[in-house]
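See structure below.
Derivation of every value follows stated rules applied to the coordinates shown; laboratory data play no part. Remember, it's a predicted structure, so these values are computed and weren't measured experimentally. Positions of Cβ are backbone-derived with ideal geometry, glycine not excepted, and every protein chain shown enters the neighbour counts.
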Amino acid sequence: MAETTSALPGARFDGAVLIEEAGLRGMITLKGDLAATRLHSAATGVAGVDFPGQGEANCVGEHGLCWMAPDELLILVPYARAAEDSAAIATALAGTHHLVTNVSDARVIFTAAGPAAREVLAKLTPADLHPDSFRPGQFRRTRLAQAPAAYWMRDAETFEIIAFRSMAAYVFDLLVGAANPAAPVGRY
Amino acid sequence: MSGRLPTGGRLIDRRLPVEFTFNGKRMEGLEGDTLASALMANGQRLVGRSFKYHRPRGVVASGAEEPNALLTTGHGRREEPNQRATTTELFAGLEARSQNHWPSLEFDIGALNARLSRFLTAGFYYKMFMWPRAFWKHVYEPVIRQSAGLGPAPNARDADIYEHSYATVDVLVIGGGVAGLIAAQSAAAAGARVMLIEQTAAWGGRAMVDGAVIEGQGAEPWVEATTEALAARENVDLRPRTMGAGVYDHGYVLAYERLCDHDPQDGAPRHRLWKIRARQIVTATGAIERPLAFAGNDLPGVMLASAIRDYVVNWGVHAGARTVIVTNNDDAYRTALTLLDAGLDVPAILDARDEVTGALPDEARARGIRVEAGAGIAKVKGAAKVEGVAVCRQGGDGTVTEEIACDAVAMSGGWSPVVHLWSHPGGKLVWNADHALFAPDPDAAPKGADGQPFVIPAGAAAGPGDAGFTTTHALASGAEAGAEAARRTGHKAKAVKPPMADDPAEGPLTPVWVMPQGATPEARGKMWLDFQNDVKVSDVEQAAREGYQSVEHTKRYTTLGMATDQGKLSNINGLAILADSLGEPIPEVGTTTFRPPYTPISMGAIGGEARGALFQPVRRTPVHDWHEANGAHWEPVGHWRRPYTFLREGESVEQAVQREVRNTREAVGLLDASTLGKILVRGPDAGAFLDMMYTNMMSTLPPGRCRYGLMCSENGFLIDDGVVARIDEESWLCHTTTGGADRIHAHMEEWLQTEWWDMKVFTANITEQYAQFAVVGPEARNLLEDIGGMDLSAEALPFMHWAEGQIGGFDTRVFRISFSGELSYEIAVPAGQGRAFWDRLLSVGKPYGIMPYGTEALHIMRAEKGFIMIGDETDGTVIPQDLGLNWAISKKKADFLGKRAQERTHMADPGRWQLVGLRTLNGSVLEDGAYAIGEGRNANGQQSVEGRVTSTYFSPTLGRGIAMGLVREGPNRMGEILQFTRIGAAPVEARIVSPVFYDPDGERQNG
């Protein structure tokens, strides 16, 4: 395979939380009938995690299944597996109405880690990040300031954030600003 | 003369002096002072000049309602005009300057305006600025406009940073007085998620100043204990220095947190704008005291009675040594007693009421203060400061009964609940005649999407209780409001039991709108209602005489309440005067509209992080950095930045563009086309769907082939174009314009989701998955074959075909398409491989003379070929038929979006402007957008036109100007010569020709 680089390799800021570009990750968009058994098997077979409910993300390591819409799933796999896994899903779903496409290169993925992660993110996203409303296992498609974004929590203090690759620099700069150590909020 | 008292001041720390300057003069305040209290402590009562008449003005109030004490603070990058001294916390090194005076605060030439006052009355803007016309430019604008104003806008870039923060809460309590504190306590005890915000730095509101008694002692211990208990709760967020700025539909609230105003510093945000979703909102926003309208009530030293006691109790500052109190209610007696306690003189209390009963007046009398019932002020004596008052009977005509020497006047016309936040989202008000005030109408609360009320007023903001504005009422209504808010958010809630409060019995108030009742017209011309905008009783009365009946019209005509304080002190008094003049009851006249923000908030806070590099997202392609490092002269396209051209040492932009075109035509060029939209459309009905989306037939396109397609709106107008590639039996890849990707994807989804939901089609916008480069020019194939990999010969991959394979080890999809007319391959690779592939093309292409080219070279080359560009040849009013694109409109299809619209008579009119090429006779370049001059004049008396230029360039290939344009019946007029306009120059002649200027048979691209 040719030399492949993520959107902002090595980008890192240690502030109120630790912001890092998380490198390459395999991402597969799967559209179809989310209630269908065949689709369930195909998705869970590739990701090796339970099928998520509405608004949920089941992520373990580099694998995961994220609920994007009533007819759309985002499948996370190691980057090197994405093309092959996409093809495997397409084969498994042959004859059913679906769309599967590898979007690994269309995205950037950041992590925001630390006890202040919720309040750092809450400076940029209108979603309710109170621990009663958003916990590991949940997934939000929303925005960070003016950029479309989605995120979930790897653990109680770590967010994984995906955004479009072309906006990687904008999103990183946003996160750096929000993680300004001189601007604690003290809400969560 | 004002000054600091030897003792007292619960908010100041006498051990910590703080230096600051006022108009360059060094002064000393104390930690905990506001700028206003510090100025008064330094004997500085004069703080500015009024807006219109440049009258000397002093501090009137102690909080957000202050109309006069607006100062410019800081300098350079921290200069900020119109800062209210009463809400500006003092810090070391604070620089403050007064505004709206020239040459100095003490001596001001603009005060001449006061002599012109008979010309500056109500509606003077409308009357004077109308006529004579020449005066507008030469007199009114330069002279009068100049003299009326606030602080000048700063020139330097703001040194500070700002941020936003989002919060979702069950119950937002606005106001941290006793009502707000107990409301938060009630809601929090029920388990609701609570946020409590308070605009000042201190909790407890007026309770401590007003001598509230809770559980047998002062309010302070209860306030402290309650605040601590709330802070300890996990479900409560306490935010001092945070003002509820606006309440909007659906419980959306903007709150303005001032983080560093009291302690300016680099690197920390100055303000934070909260965007709060609250399921229920408790407005515990208190009340504001009303001034009284008597002659000379705007002189420095005349202040609200409550403010005078605020300064004594909170900051140990007195407004004067001898204070006359003028009132129509019992509350002002608290000021008299406070002043007495502080060892200051109160020569008299002038009470407009004929009968003065109540516990507080009794106490005042018992302590030896002279109480004059039925009395008022005929006139305040003094020119630039209070020297005394002329006393009269309130019921009379202003005949002076005596004069009392004093240096301050404390006035109280009663209290108005702060109903602003209740009113913002539509809460209605009801008139309370006993207390002469508007209060929230509990039966007409603002309602949310579910039809249920979402705002609950509490404490003084809800209006007085049975015994008036008492601590007992504040505590009881706050406790219940908090519980009710919690119940409405699904919690089992019981109001916390309010602590026992002890309130003195207060006598009734008598409304007083003019003092004295029978004041002469001359006196009414000296009674200020709106201090900031210089509106007097006489102005409102004049407006009524001139026929103004609506309070909203009167407001605009007189400018009453239109200043930055939004008439917090003047509105009720003003509309009472209007009602009186019209002979109507006050509730019939009503109030003006309350609009957010409650007090002005900084532009920086509104912008938040969106400034400088983050003002707008900039989208970058995978080779953006290369472009940047190699002379890219950028052009914004949507949110993307695309290189317009790549500048080399010593080149002009024009020269660079010409070089790029020539090199591409003669050797090989390289274009970063990654920004073009790519939408994957898949499903059993995808072909049928695309036949509807495009004007031409896409369902018949065989896999492996490409077709240029046009998209129209349902109104028939061309909205986008691009090449569609059939990927497999069920999949198509649709290319869109750079700016069109998101819009066209949304357009597709809208039709799929709202109209054709039965079609089995999925779409995915995969624009960013690929880096896509066009390798263009006679050497393109040679270059790619040198890199090596898949077969790219004319036989294996003919024009308008695509294929997948590897080139130099890269995973590619290669499209044989051309927007330049040259031999051209558009090659897509996964975005992560984009930069490496670009570098490989450049290095292998070196011997072939490869050069990247930008968007302008792309434009010129497509124009040489007569290819249209969305946004140049189209403007939302152009249909494909106008552009000679009939070949791309299927005659076989029963329907497609835009088909019916294009059959309308106007759309099918042969007289429409249609696309042609334009060739100037002298070889020059036509002006962009130039019009073809027609015969005669149109209905508006303008020169008739019969066409316009849509694209125009100097063609380096042809060595002359070329253009495309839309001309009436253009294609039927080949060879005709038209005159085209030039700005500021004589028209130029151009011949109508074919729009294809170069290689009309397409031999180069097909090779």
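Of the residues making up the stretch B:256-279, those that are surrounded by 20 or more Cβ atoms within 10 Å (Cβ to Cβ) and without any contact (Cβ under 8 Å) to a residue 12 or more places away in the chain number 0. Taken together, B:Glu785, B:Glu768 contain a single residue that is more than 30 Å from A:Leu73 (Cβ to Cβ) and either within 14 Å of another protein chain (Cβ to nearest Cβ) or surrounded by fewer than 24 Cβ atoms within 10 Å (Cβ to Cβ) (or both), which is B:Glu785.
Tell me, yes or no, whether the stretch A:135-149 has at least one residue that is in contact with a strand residue (DSSP E or B) (Cβ under 6 Å, 6 or more places away or on another chain), closer than 21 Å to B:Arg620 by Cα and either in contact (Cβ under 8 Å) with a residue 60 or more places away in the chain or not basic (Lys, Arg) (or both). The answer is yes, given that some residue of the stretch A:135-149 is in contact with a strand residue (DSSP E or B) (Cβ under 6 Å, 6 or more places away or on another chain), closer than 21 Å to B:Arg620 by Cα and either in contact (Cβ under 8 Å) with a residue 60 or more places away in the chain or not basic (Lys, Arg) (or both).
Scanning the stretch B:820-836 for residues that are within 12 Å of chain A (Cβ to nearest Cβ), closer than 20 Å to B:Thr855 by Cβ and in a strand (DSSP E or B) yields one hit, B:Ala828.
Residue check: B:Leu797 meets all listed conditions (1) more than 11 Å from chain A (Cβ to nearest Cβ); (2) farther than 26 Å from B:Thr874 by Cβ; (3) of a type in the set (A, V, I, L, M); (4) buried (at least 23 other Cβ atoms within 10 Å of the Cβ) but one, namely (4). Summed over the stretch B:617-670, residues that are under 35 Å from the mean Cα position of the chain (by Cα), of a type outside the set (D, E, K, R) and within 14 Å of another protein chain (Cβ to nearest Cβ) total 10.
Filtering B:Ile860, B:Ile962, B:Ile933 for residues that are surrounded by 14 or more Cβ atoms within 10 Å (Cβ to Cβ), out of contact with any Gly (no Cβ under 8 Å at 6 or more places or on another chain), part of a strand (DSSP E or B) and not acidic (Asp, Glu) leaves a single hit, B:Ile933. Just one residue in the set B:Val253, B:Val302, B:Val312, B:Val282 is out of contact with any helix residue (DSSP H, G or I) (no Cβ under 9 Å at 6 or more places or on another chain) and in contact (Cβ under 8 Å) with a residue 24 or more places away in the chain; that residue is B:Val302.
So, in the stretch A:20-36, of the ones that are in contact (Cβ under 8 Å) with a residue 40 or more places away in the chain and over 15 Å from the mean Cα position of the chain (by Cα), which residue ends up farthest from the other protein chains (Cβ to nearest Cβ)? Of everything passing the filter in the stretch A:20-36, A:Ala36 is farthest from the other protein chains (Cβ to nearest Cβ). Determine which single condition B:Ile727 fails, assuming it passes every other condition in (1) part of a strand (DSSP E or B); (2) surrounded by fewer than 20 Cβ atoms within 10 Å (Cβ to Cβ); (3) of a type in the set (A, V, I, L, M); (4) under 44 Å from the mean Cα position of the chain (by Cα). So B:Ile727 meets the others, but not (4).
For the stretch A:37-47, the criterion of a residue being within 12 Å of another protein chain (Cβ to nearest Cβ), among the hydroxyl-bearing types (Ser, Thr, Tyr), outside any loop (DSSP other than H, G, I, E, B) and over 14 Å from the mean Cα position of the chain (by Cα) is satisfied by no position. Regarding B:Val925, is this residue in a loop (DSSP other than H, G, I, E, B) and of a type in the set (A, V, I, L, M, F, W, C)? Here the answer is yes, as B:Val925 does meet what is asked.
For the stretch B:802-819: of the residues being in a strand (DSSP E or B) and buried (at least 16 other Cβ atoms within 10 Å of the Cβ), which is nearest to the other protein chains (Cβ to nearest Cβ)? Checked the stretch B:802-819; the qualifying residue nearest to the other protein chains (Cβ to nearest Cβ) is B:Phe810. The residue list B:Asp999, B:Asp895 contains one member that is more than 21 Å from B:Leu718 (Cβ to Cβ) and part of a loop (DSSP other than H, G, I, E, B), which is B:Asp999. Of the helices (runs of 4 or more DSSP H) lying entirely inside the stretch B:451-557, those carrying at least 3 residues that are of a type in the set (A, V, I, L, M) are B:471-488, B:537-545.
Please determine whether any residue of the stretch A:120-137 is farther than 30 Å from B:Val681 by Cβ, crowded, with 19+ Cβ neighbours inside 10 Å and away from chain B (no Cβ under 14 Å). No; the residues of the stretch A:120-137 include none that is farther than 30 Å from B:Val681 by Cβ, crowded, with 19+ Cβ neighbours inside 10 Å and away from chain B (no Cβ under 14 Å). Go through (1) in contact with a helix residue (DSSP H, G or I) (Cβ under 8 Å, 6 or more places away or on another chain); (2) within 12 Å of chain A (Cβ to nearest Cβ) for B:Ala229 and report which single condition fails. Every condition holds for B:Ala229 apart from (2). Condition first: farther than 11 Å from B:Gly482 by Cβ and in a helix (DSSP H, G or I). Now tell me which residues in the stretch B:159-200 satisfy that. Listed by number, the list holds a single entry, B:Val178.
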